[in-house]
1. When the range 332-349 is examined, which residues are found to be closer than 15 Å to residue 378 by Cα, in a strand (DSSP E or B) and not small (Gly, Ala, Ser)?
2. Applying the selection to the range 201-224, what residues are at negative phi, at pLDDT 50 or above, part of a loop (DSSP other than H, G, I, E, B) and surrounded by 24 or more Cβ atoms within 10 Å (Cβ to Cβ)?
3. Does the range 356-379 hold any residues that are touching a Phe, Trp or Tyr at 6+ places or on another chain (Cβ under 9 Å) and in a strand (DSSP E or B), and which are they?
4. Under the condition of being among the hydroxyl-bearing types (Ser, Thr, Tyr), more than 17 Å from the chain's Cα centre (by Cα) and outside any loop (DSSP other than H, G, I, E, B), which residue from the range 45-61 is surrounded by the fewest Cβ atoms within 10 Å (Cβ to Cβ)?
5. Could you check, for the range 180-200, whether at least one of its residues is polar (S, T, N, Q), at pLDDT 80 or above, assigned by the TED database to the domain that holds residue 78 and within 26 Å of the chain's Cα centre (by Cα)?
6. Just one of (1) modelled with pLDDT under 90; (2) small (Gly, Ala, Ser); (3) surrounded by fewer than 15 Cβ atoms within 10 Å (Cβ to Cβ) trips up residue 372, so point out which.
7. Residues of the range 159-179 being under 23 Å from the mean Cα position of the chain (by Cα) and crowded, with 22+ Cβ neighbours inside 10 Å, which ones?
8. Suppose the filter is of a type in the set (Val, Ile, Thr), farther than 19 Å from residue 9 by Cβ and touching a residue at least 40 places away in the same chain (Cβ under 8 Å); does residue 83 pass it?
Amino acid sequence: MPALPESANHNINEIAGAATSGAVDVDIVASPQSPSLWATASIYLKTNVDTSGATLTVTYGGVEMTEKAGARTYWDGHKNLLTVFELGFNGLESPPTGSKTVHAAVSGLPSDSGGFWILCDVVVYSGVLSSGDPVVVSGDTAGAQTANSVTVPSVSEAHRVVTVHAIRTPNLFSAHNLSARAITSGVYAYIAYLLSLLGYNFFPYVVSASGGELLVQDAPGASTVTGTCTQPSTAQWAAIGFSLTPAPVVLEAALEIPMETTASLSIHRALTPVAERYWKIPAIPGIMPDGSEAPLAGQFIKAADGIIMPLYIKDPGDVVEYTLDWSNHLPDDDPIVAVSYSVTNSELIIVSSSFTEITTQVILSGCVTGVSYGVTAHATTEHGRQLDRTFRIVGGQN
């Protein structure tokens, strides 16, 4: 399934005076019916002091979000900080769907901060399995430019490239090239500052930390995607980009089961395998069991070595078998003599397992709707080979 935008919102908060901490809240809605939800919270902290010692925490509906490794960047003597926090809903005991609040808090600023601004853009995507490494660029490294730009490697249109752009006032963005999801502007602070010079002090402001602008945009993936915001020529900017990997969907292909496999399984008191839950592990990376080339996304998961493995949708009430055929990875004189299975979460229960000379089988019960589970088979052969393969189960109603 493609990774797609689900919902978005944004907010800004001025922390005035000699404060060393502050926070901003963003209300957001995520449908419980949407599959494989993935939330991103982009944070721009604009101050007049060194922010390198600041501590940032973000929660989504009370659930802690994780700062994206390698995303945090600073510019202008560390007075500006841009970063991204993330939360994948799959695997959570109580996913925070529905109407929730994202709470972004900062602490540990120097006591003479004199005030600062915290901007937060929240975007929720559906159909996401994981998030790639960030690409980071700033005016400190790229210099003064009119293009606030970052180029992100990706794969296909089913992926989603997200780019996050921040700029310090009085500079503001005049254009952007991808689909904007959230835009937070502190321009009113700068206007207040200008008014104060004329003696109009009715509007609260912080002279040395007057707002800023934060923009999140995205586009379908490709080999590379460049996100750009147009700005006045300045070095007061930064950008972060990353690619979202689409979650696999249920396999629909029917497979023909050799009769000798069915007969052999019965000797070990296993269930006769059903075609829709029978997978012959391909011999060649990137190739489907029938020998065809795998599509770029969807219909499967891809192991680290490129071998295509299945994903199945399982009803929580079903107790059913899943069979792997290892014949493409076994010589004729080295049959399977033992198998063990493990799962990533105890909500998915292993009822029993069995094997033949070329197949392994597990019977599973339980699971939670919307949660993804890894199921790993560890097969041992007569000559001592140890073979591991993982397929995935996603809970869903029949």
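1. 336, 337, 339, 341, 343
2. Residues satisfying the conditions are 210, 221.
3. 359, 360, 361, 362, 363, 364, 374, 375, 376, 377, 378, 379
4. Among them, the one singled out is 55.
5. Scanning the range 180-200 turns up at least one residue that is polar (S, T, N, Q), at pLDDT 80 or above, assigned by the TED database to the domain that holds residue 78 and within 26 Å of the chain's Cα centre (by Cα).
6. Only one criterion is unmet by residue 372, namely (3).
7. 159, 160, 161, 162, 163, 164, 165, 166 - these are the residues of the range 159-179 that are under 23 Å from the mean Cα position of the chain (by Cα) and crowded, with 22+ Cβ neighbours inside 10 Å.
8. Answer is no for this residue.
The values are calculated or read from the model by the stated rules, or taken from the named source; none is laboratory data. Just so it is clear, the model here is predicted, and its values are computed rather than measured. No Cβ is skipped: glycine too gets one built from the backbone with ideal geometry, and neighbour counts run over all protein chains shown.
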